[in-house]
Amino acid sequence: MTRKTISIECLRYHPGTDAAPRYQNYEVPFTDDMSVLQGLQYIKDHLDGSLTFRWSCRMAICGSCGYMVNGVPQLGCQIFLRDYYPRGVRVEPLNHFPIVRDLVIDQSDFLKKLESIKPYLIPKTDPGKGTYLQTPQQMDEYYQYSQCINCLLCYAACPQYGLNPAFTGPAALALLHRYNADSRDAGKAQRMEIVNAEDGVWGCTLVGYCSEVCPKGVDPARAINQNKINSTKDYFQNFLMPWRK
Amino acid sequence: MQVVQTDIVVVGGGGAGLSAAIAASERDPKLRIALVSKVVPMRSHTVAAEGGAAGVTRDEDSLEHHFNDTVSGGDWLCDQDVVEYFVAHCTEELIRLEHWGCPWSRKPGGHVNTRFFGGMTVQRTWFAADRSGFHILHTLFQTSLKYPSIKRYDEFFCTELIVEDGRVRGVLAIEIATGETFLFECAAAILCTGGAGRVYRQNTNAGTVTGDGMGLAFRAGAPLRDMEFMQWHPTCLPGTGILMTEACRGEGAILVNKDGYRYLQDYGLGPLDPWPRAKAMELGPRDRLSQAFWHEQRKGRTVETPQGSAVLLDLRHLGAKKIHERVPLITEAAQTFAGVDAVKEPIPVCPAVHYTMGGIYTNARCETPLRGLYAAGECASVGIHGANRLGSNSLAEIVVFGRVAGESAAEYALSPFPVNGNVRGKAEQAANRFLSMLNNEKGERLAVLRDEMRDSMEEGIGIYRKADSISATCAKLAELRARYRRGVKLDDRSRPFNTEWLTAIELGFMLEVAEAMAHGALQRRESRGAHMRLDFEARDDANFLKHSLAHCSGDGAPRIEHRPVTITKSPPKVRHYGGEGKKAVLS
């Protein structure tokens with residue numbers, strides 16, 4: 001492999017000391033097998049130890065290394081410098097989140113939303129000592145939505161979240177649907193309040209970019225759309241049968 | 001320094017830490033539990049575990065089989081009383097995960113499916129496709145949100161245990177976002193910080209797997225046990241070390257050398273037929289497979305890739321449907337990171353450091369010799385892995401012993417003990433030591449020290465070892481520790497989210513943990529499981545059917561002593577794989 005050099009331009013911002021974000025350019029030698037994350041690691045090790053970013057598993061399963069890369073939300077570990085050569089690559093923190101430092105965003109708003117949707121089984125019945133029976137077909141109903149790695153690329157892609165941070169947002173709503181659609185769960189009624197709320201599914205305007213950027217094929221847009229139907233049914237049932245509530 | 005009053009501090013939010021926190025909370029909801037982790041829990045390295053978790057469930061399986069597979073897999077260095085407890089509790093914990101929503105893969109009728117793993121007599125591995133760790137971790141994390149007594153401190157980095165009067169009384173941590181120091185005053189601390197694979201260059205581990213908890217315990221006076229036993233996973237991508245799960249072979253994948261020859265038959269794992277059969281060929285244990293690679297490489301029968309030597313993991317005969325259904329993550333990772341379509345081509349693989357068999361010494365109740373300190377999961381050595389861990393036993397371990405640790409710590413925290421001494425004063429002193437690292441005007445670059453450590457570990461404490469190369473690594477590590485003490489110069493002097501500072505603290509832990517591994521290896525003058533000595537080729541039960549314990553001696557090399565292994569019902573025998581056997585049906 002020949003050693004080439006690529007320019008990696010990083011957003012730098014230290015809220016405590018900097019008046020505004022700036023960009024800093026680094027020239028990084030690379031081989032064709034190096035990911036954008038490895039480029040950042042090279043900078044940190046050899047050029048500038050103060051460049052700050054999150055990373056961990058480097059195999060697209062822990063969800064730590066989401067950045068805006070040339071304007072697109074992506075996982076730094078699974079995109080490669082060779083694909084940005086010779087033009088270079090610009091790395092910025094994920095859109096729509098406050099910056100803690102450089103490429104590190106504040107994810108606490110998402111964590112609150114995740115906690116708010118009751119993301120755990122609310123059992124129908126006591127399963128006793130054995131496992132529940134759940135056929136592969138029943139699993140298919142929710143399995144796709146259980147693949148979310150909480151990388152937040154979908155929030156960075158979502159124009160609605162950008163406009164209205166109160167919107168529950170794609171990943172949390174997909175996870176909500178994951179539990180509602182699980183044959184072992186009986187918590188749907190409790191979760192429908194979140195779905196029906198103004199900042200629930202109705203906050204979504206069906207742009208669908210969330211599903212496009214999802215690295216795990218979760219398709220949050222489909223989950224949300226499914227819940228608009230559920231929410232509508234819920235509304236009419238409550239209207240027609242007020243005693244049901 | 002901010003002070004948080006709590007009853008139990010759980011350090012680490014992976015599978016073991018979450019299990020421990022939930023168990024402690026279930027024992028008594030009034031206990032205040034602080035779950036302190038340097039990453040948000042779902043980023044923890046449990047997330048990357050692929051293959052699955054062992055639990056006896058098939059009619060033709062038994063606890064006896066699980067026990068025997070584990071003990072022989074561990075080359076008789078397991079504590080058999082602990083293994084007995086372990087195998088008896090795996091299945092109930094896996095069922096509990098199912099009740100909490102874990103999407104275990106199912107058979108058509110709706111029952112949980114199981115698959116083969118290396119060294120298993122019967123299919124025993126519960127799996128969630130090849131994202132088992134991911135699903136276990138997210139299930140545990142999301143379930144933990146139901147317990148109001150568990151208060152999370154996400155992205156807090158623990159730097160020191162505060163010991164007073166012979167008991168752990170506090171945990172010092174840095175809040176990463178602000179760089180502020182926190183003292184968690186507690187009755188008990190549970191370390192669940194994972195392994196230390198990052199002391200090597202080529203490994204399957206996340207960047208966070210830096211042996212912090214082992215270093216915390218070691219410095220506080222708790223010994224590390226069996227640290228010379230490091231597991232190489234035989235099938236990883238050359239260069240990055242990204243894991244290609246053993247489940248590939250459990251589903252029927254084969255390993256061939258550059259001539260297309262299934263070389264494992266030359267290393268006591270054959271004959272080839274009938275195939276597949278349990279505990280033979282590709283279903284042999286990890287230590288044997290990684291050692292076979294080493295020999296093939298020396299014979300010049302490996303494939304050379306730009307990232308190093310490799311053999312070929314071939315899944316093609318399984319067909320596209322089964323490959324995508326059973327090992328989707330691997331298929332995706334092979335494509336992304338190696339540019340290989342596993343349906344159409346074999347995947348080049350080689351051994352990489354994967355799992356730290358040794359760890360903080362605990363008894364079966366997960367108690368360390370230091371009062372108030374507990375440990376569970378990969379950071380601990382409770383005694384079930386011996387000299388070589390069987391695949392699928394560690395995901396079971398984190399739930400079985402995570403729970404035990406939580407319950408033990410809860411009992412301890414509920415029983416009163418005299419509170420005196422100067423915990424805060426000690427914590428202030430320690431905090432100043434860590435803060436002073438930010439002011440070093442002179443010193444070396446962090447990456448220089450780190451890379452020299454990794455290279456030296458690969459060189460001296462590799463798959464095969466001998467006295468002179470181990471000694472060279474011991475000397476190198478002593479030199480690196482001295483250089484580290486002279487100072488690491490940081491580019492970043494500020495406190496908020498200073499990951500360079502934290503990495504420097506991690507390196508301090510890693511150097512000491514690496515030293516425990518190297519000195520343990522030097523003093524074990526035999527070959528057993530994953531510890532292979534070219535100068536002592538045989539297992540030596542007369543002298544070394546013993547655990548090693550490494551004790552911290554400050555700036556000097558660790559002191560190593562040996563202690564007996566607990567044998568209850570399986571006296572040491574020759575470890576046997578391959579040979580005769582029935583053809584197995586892979587569902």
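Any read-out appearing in this document is the output of simple, stated calculations on the displayed coordinates, not a laboratory observation. On a predicted model such as this, the values are computed, not experimentally measured, just so you know. All Cβ positions, even for glycine, are placed from backbone atoms using ideal geometry, and neighbour counts span all protein chains on display.
Just give me a number: lysine pairs in the range B:233-353, eight or more positions apart or cross-chain, with C-alpha atoms less than 19 Å apart.
On the way: B:258/B:299; B:258/B:344; B:321/B:344; B:322/B:344.
Taking the range B:233-353 as the scope, the lysine pair count is 4.
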(message) Explain nothing, just the number: relative contact order of chain B, from Cα pairs under 8 Å at least 6 residues apart, as a whole percent.
(response) 22
(request) May I ask you to sort B:33, B:22 by Cβ crowding, counting other Cβ atoms within 10 Å and putting the fewest first? (result) B:22, B:33
(request) Evaluate the relative contact order of the range B:233-353 (contact order divided by residue number), counting alpha-carbon pairs under 8 angstrom at least 6 apart; express in whole percent. (result) 37
(message) Skipping prolines and chain starts, which residues have an amide H placed within reach, meaning under 5 Å, of the one on residue B:194, given they are 5 or more residues away or on another chain?
(response) B:378, B:379
(message) Using a 10 Å cut-off around each Cβ, can you sort B:191, A:47 from fewest to most neighbouring Cβ atoms?
(response) A:47, B:191
(message) Could you derive backbone 3J(HN,Hα) for the range B:471-480 from the dihedral phi with the Karplus parameters 6.51, -1.76 and 1.60 (θ = phi - 60°), listing whole Hz in sequence and x where the residue is Gly or Pro?
(response) 4, 4, 5, 4, 5, 4, 5, 4, 5, 5
(request) Work out from phi, with θ = phi - 60° and the Karplus expression 6.51 cos²θ - 1.76 cosθ + 1.60, the ³J(HN,Hα) of each residue of the range A:52-60, listed in order in whole Hz, and give x for Gly and Pro. (result) 10, 7, 9, 6, 8, 6, 6, 9, 6
(message) Students often forget the sequence filter, so: which lysines lie under 29 Å Cα-Cα from residue A:118 once same-chain residues fewer than 8 apart are removed?
(response) A:129, A:188, A:216, A:228, A:233, A:245, B:30, B:38, B:107, B:146, B:151
(request) Rounding to the nearest 20 debye, state how big the charge dipole of chain A is about its Cα centre with +1 on each Lys and Arg Cβ and -1 on each Asp and Glu Cβ. (result) 420
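Among the DSSP beta bridges whose two residues both lie in chain B, what percent are antiparallel, rounded to the nearest 5?
On the way: 47 of 74 bridges.
Of the beta bridges lying entirely in chain B, close to 65 percent run antiparallel.
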(request) Name the residues whose placed amide hydrogens come within less than 5 Å of the amide hydrogen of residue B:164, ignoring near sequence neighbours (fewer than 5 apart) on the same chain. (result) B:169
(request) Could you pull out every one of the lysines with an alpha carbon less than 24 Å from that of residue B:442, ignoring same-chain neighbours closer than 8 positions? (result) A:44, B:476, B:489
(request) Divide by every residue of chain B the summed helix terms, -39500 (n - 2.57) for each DSSP H run of at least 4, and state the resulting mean residue ellipticity at 222 nm, rounded to the nearest 500 deg cm²/dmol. (result) -11000 deg cm²/dmol
(message) Could you give each residue of the range B:90-102 its phi-based ³J(HN,Hα) in whole Hz, using Karplus coefficients 6.51, -1.76, 1.60 with θ = phi - 60°, and x for Gly or Pro?
(response) 4, 4, 5, 6, 5, 5, 4, 4, 5, 5, 8, x, 4
(message) Can you tell me what share of the DSSP beta bridges in the protein assembly as shown is antiparallel? A percent to the nearest 5 is fine.
(response) 70
(request) Counting only C-alpha contacts under 8 Å and six or more residues apart, can you give the relative contact order of the range B:431-582 as a whole percent? (result) 22
(request) Would you list, by chain and number, the aspartates and glutamates whose Cα falls below 14 Å from the Cα of residue B:466, excluding same-chain residues fewer than 8 positions away? (result) B:228, B:458, B:526, B:535, B:537
(request) Would you please give the FRET efficiency between residue A:238 and residue B:107, computed as 1/(1 + (r/R0)^6) with r the Cβ-Cβ distance and R0 = 30 Å, to the nearest 0.05? (result) 0.15
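Most exposed first by the Cβ proxy, i.e. fewest other Cβ within 10 Å, how do B:585, A:89 rank?
Going from sparsest to densest Cβ surroundings: B:585, A:89.
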(request) Amide H neighbours of residue A:103 under 5 Å, at least 5 residues apart or on other chains, H built in the peptide plane: list them. (result) A:52
(request) Tally the DSSP beta bridges in the range B:9-138 and give the antiparallel ones as a percent, rounded to 5. (result) 60
(request) Report, to the nearest 10°, how far helix B:423-436 tilts away from the longest principal axis of the Cα atoms in chain B, using its own Cα long axis and a range of 0 to 90°. (result) 70
(request) Work out, step by step, the length gained on full extension between residue B:419 and residue B:435: first 0.36 nm times the residue separation, then minus their alpha carbon distance; give nm to one decimal. (result) 3.0 nm
(request) Could you tally the net charge around residue B:561, taking each other residue with its Cβ under 14 Å from the Cβ of residue B:561, Lys/Arg +1 and Asp/Glu -1? (result) +3
